[in-house]
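Let me begin by presenting the structure, written as structure tokens, before commenting on it.
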Amino acid sequence: MSAPLLRLEAINSFYGPVQVHFDLSLVVEAGQIVCLLGGNASGKSTSMKTVLGLQRPGSGKVWFDGADITGLPTPRIIRSGIGSVPEARRLFGAMTVRENLLMGAYTRSDKPGIAADEDRVLGLFPRLRERLKQRAGTMSGGEQQMLAMARALMGRPKLICMDEPTMGLSPLFVDRVLELIQAINREGVTIFMVEQNASLALGIAHYGYVLQTGRIALEGPAAALLRDPRIRDAYLGGAAA
Amino acid sequence: MLGAWFDYTVNGFVIGNIYALLAVGLALIYGVANLVNFAHGSVYVVGAYVGWAAITYLGTPLPVTLLCVVVVCALVGVGIERLGLRPLHGASRIAPLLATIGIALVLDQVVQLIFSPDPRAVPMQVPDWRITLGGGTIGALDLLIAGIGLTSAAVLYGFLRFTKLGWAVRATAQDSDAAKQMGVDTDRVNLVVFAIASALSGISGVLVGMYYNQINPAMSFEATLKGIVALIIGGLGNVPGAIGGSLILGLTESYGIALFGTSYRNLFAFVLLIAMLVWRPNGLFAARRSLPPEPMTGTFIARSRPLKVPSWAVAVVILLAALLPLLDAPYLLQIGANSLMYAMLALSLTLVAGTVGQVSLGHAALLAIGGYASGLLALDAGWPVAVAIPAAGLITAALGTLLVFPAFRLTGHYVSIATLGIGEIVSLVILNWTGLTRGAIGLGGIPPLEVFGYDLGSVQGTYWLCLVVLVLLALLQVRLLNSHLGRSWRAIRDDSVAARSYGVSGDRYKALAFGYGGFAAGISGAITAHAYSYINHETFGATISILALTMVILGGLGNVVGAVLGATLLIALPEAFRFLAEYRILIYGIVLLLLIRFRPQGLMGTV
């Protein structure tokens, strides 16, 4: 097996005096969907911020695609091939759907390529095509989530980081979003996803980690984790496994 | 008659265009940096002087003049962002705002040192013809200004709408974290925005110079204020709104002058500002009336552990201060008395800005109210000075609270803007209410300080009176801070929502704070009036408000001992280095900047 696409190595991070991660290490293999599970305040979102350079770890290293990206400014990390679907989507609400998509391609300058990708992405999310000129902020939550994913795809990333992609969506849209994540993955994009809803996430993932108060409590192939009785205790914040 | 109205309309549009060039930049900066840039008017002055210098020394034709202005001002803007503001990333949100005030002081003083404070005439660079239209006239310069305004708006629109960098600017303004996650280098976006905004501001300065045929370094403050008024009318961060707001402001002023006369012009602007802040703080063009939740509540400036000063040390210092007159050094005593009067003002501001977290930029207005109240009571009503001074304190407490009352629901930046506007209104009312205040002539022959027959008009007398009053006020303030009231004040500052949910009514406690603050500042103003025997509407200007703010930041916000120390240092030190007198304001500005950057908790620590 080749080197993993993303690797966190012995990360210790802090919010002021509070330590969030304790020697956190994990790997995301190229081509997979890897999910990071955990309850509130387990440090999931901070892991994502650490990868994206929004939060600088106190110690430890982040490797992406063979390069050390620890402490790089976020725009540089994005340029190196990581896309982001932030928590709560964070669309540019006053800009149109199309402008949001083009913002996703901000790091690129190959106009024909961008146009082709726009077409490809709209093929994946046909609903967005009808709304290209609409302001992003006026769409429904599910449509906004799709736009957030489409926007991330426009940068042609090797890896997309998704922070709670199903949060706040109606059950109908949750299934749709999960299908789309799989579809994106089938096109060759690696997915690193943070989720609170373990059974849903493990249903589409290849590999999973369970984070508990800043430490990996459990890890394994998604299918195995799904059958593991300890997982419920872990992500519900029960006693350490 | 109709022709005159046509002229006023043209004039209003022209002035509106000039304001628009200022306000658009302020809106852009507010968008990406969440900051009201108080140095904006200073860049405008730099632009005016660069234009003047280019024409006078190099004989540049108009396009080259404008190019020089654009280049120099853009560089100044880049410098402001890179050196003054970027190092403050991650600091509390009021820090950059205060930094821009420091930058404004520095820029204004540098311009003044280079070009002297005297007004200059900017040579007209357009042909002097006017066309007559339906009884009114339009000149070439009017058309030029309108043309530049429209062109700038069009270019800006194109930039924001159709260029990649323009999208990045808009995306950063909406959500800078999300923009970063799209690969946008938001630092660079900030830099570009400051460059564009500053260039536009500079052009505005040159055009004003040509329009009024006069420039001087002191015009920066008014430009900043007018830009902010236009910005608030249009809605903070709303670029098209800023243009609309500017035109409304220009026309309002022009028609106001037509109806009431020139001296009312600024009064209109600031009353409009306060009305907007009270009724439509989101601007005329926003759909929502309520303000978006401002992330600025919460931790204020810098948390720190205040330095503990043992009470015996304080007692020793007070004793030493009381013995100072025995030295027989009248000059030293004069400085001492000045420091003490400023210390009273600082006590007042450290409570309002520090303990309650309402960063007031118009605090000197309270001095003016106190000074005029006491002076008029003594002069016109014949009250004894010893009665007039405390009465002035009470009047200032009541009037000050009443004036700020409409602004109580505002937070953060809005409080600073509102208090700045209220301060200007007070000064303009004093200027225009000739029947009561004697207007521009000022209040002369104010009786000297005396308490029940004891003449305190001498330097020693003034000094001792100030010392006694200051000690009493400080003791009262310490007592208040340690009481239930003090805890409620800090609760409102640290988390107004939580405070409310515990049943602490924000408005009542804010009123008490402004009331006490008004009392202390009113007494200070009253004593100053009697000590000087003459005051006018400019005695207590915006510079003093800023100076007071620098004092309390230097001492440590909310810190009583710190306020006295800050006042003493900032008044006494420039006197000790008299050869630096020319650079006094410059030094204040630099002190303010260094403090915010390196010691935001001040010398004695925040409380």
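The values are calculated or read from the model by the stated rules, or taken from the named source; none is laboratory data. All values derive from a computational prediction rather than experimental measurement. Glycine also receives a Cβ, built like all others from the backbone with ideal geometry; neighbour counts cover every protein chain displayed.
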Residue list for the range A:66-92, filter: away from chain B (no Cβ under 12 Å) and buried (at least 17 other Cβ atoms within 10 Å of the Cβ) | A:ILE69, A:THR70
What residue, of B:LEU156, B:LEU160, B:LEU133, B:LEU144, is on the phi < 0 side of the Ramachandran plot, under 30 Å from the mean Cα position of the chain (by Cα) and more than 10 Å from chain A (Cβ to nearest Cβ)?
-> B:LEU156
Are there any pairs with C-beta distances below 6 angstrom linking a residue in the range A:34-53 that is closer than 17 Å to A:PRO4 by Cα to a residue that is of a type in the set (Lys, Arg), with the two at least 6 apart or on different chains, and if so which?
-> A:LEU36/A:LYS44
Can you tell me how many residues in the range B:569-607 are within 25 Å of B:ALA321 (Cβ to Cβ), in contact (Cβ under 8 Å) with a residue 40 or more places away in the chain and not in a helix (DSSP H, G or I)?
-> 6
If you go through the range A:95-115, how many residues are surrounded by 15 or more Cβ atoms within 10 Å (Cβ to Cβ) and either of a type in the set (Lys, Arg) or at the interface with another protein chain (Cβ under 8 Å from one of its Cβ atoms) (or both)?
-> 9
Can you name the condition, by its number, that B:LEU107 falls short on among (1) away from every other protein chain (no Cβ under 14 Å); (2) surrounded by fewer than 17 Cβ atoms within 10 Å (Cβ to Cβ); (3) not in a loop (DSSP other than H, G, I, E, B); (4) not small (Gly, Ala, Ser)?
-> (2)
Do we find a residue being surrounded by fewer than 24 Cβ atoms within 10 Å (Cβ to Cβ) and not aliphatic (A, V, I, L, M) anywhere in the range B:194-209?
-> no
Determine whether the range A:146-159 contains at least one residue that is in contact with a Ser or Thr (Cβ under 7 Å, 6 or more places away or on another chain) and either within 12 Å of another protein chain (Cβ to nearest Cβ) or in a helix (DSSP H, G or I) (or both).
-> yes
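Looking for whichever is surrounded by 15 or more Cβ atoms within 10 Å (Cβ to Cβ) and over 28 Å from the mean Cα position of the chain (by Cα) here; the options are B:LEU449, B:LEU472. Which one fits?
Values: B:LEU472 fails: surrounded by 15 or more Cβ atoms within 10 Å (Cβ to Cβ).
None of the other options fit; the residue is B:LEU449.
Being more than 23 Å from A:ALA94 (Cβ to Cβ) and surrounded by fewer than 24 Cβ atoms within 10 Å (Cβ to Cβ) narrows it down to one residue among B:VAL229, B:VAL278; which is it?
Checking each option against the conditions leaves just B:VAL278.
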Which listed residue, of A:GLY220, A:GLY141, is more than 13 Å from the chain's Cα centre (by Cα), surrounded by fewer than 17 Cβ atoms within 10 Å (Cβ to Cβ) and within 26 Å of A:LEU5 (Cβ to Cβ) | A:GLY220
Of the numbered conditions (1) buried (at least 18 other Cβ atoms within 10 Å of the Cβ); (2) free of Cβ contacts under 8 Å to residues at least 60 places away in the same chain, B:ASN17 satisfies every one except a single condition; which is it?
-> (2)
Going by the structure shown, is B:ALA53 in a helix (DSSP H, G or I) and under 24 Å from B:ASP118 (Cβ atoms)?
-> yes
Tell me, please, whether a residue that is more than 10 Å from chain A (Cβ to nearest Cβ), under 28 Å from the mean Cα position of the chain (by Cα), outside any loop (DSSP other than H, G, I, E, B) and of a type in the set (Val, Ile, Thr) can be found in the range B:172-187.
-> no
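Conditions (1) surrounded by fewer than 24 Cβ atoms within 10 Å (Cβ to Cβ); (2) in contact (Cβ under 8 Å) with a residue 24 or more places away in the chain; (3) not assigned by TED's automatic domain parsing to the domain that holds B:HIS413, marked per residue:
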position	(1), (2), (3)
B:LEU21	no, yes, yes
B:PRO61	yes, yes, yes
B:CYS68	yes, no, yes
B:GLY77	no, yes, yes
Could you run through the range B:377-430 and say how many residues are in a helix (DSSP H, G or I), modelled with pLDDT of 90 or more and touching an Asp or Glu at 6+ places or on another chain (Cβ under 8 Å)?
-> 3
Over the range B:170-184, the set of residues in contact (Cβ under 8 Å) with a residue 12 or more places away in the chain and either of a type in the set (Asp, Glu) or buried (at least 24 other Cβ atoms within 10 Å of the Cβ) (or both) is B:ALA171, B:THR172, B:ALA173, B:VAL184
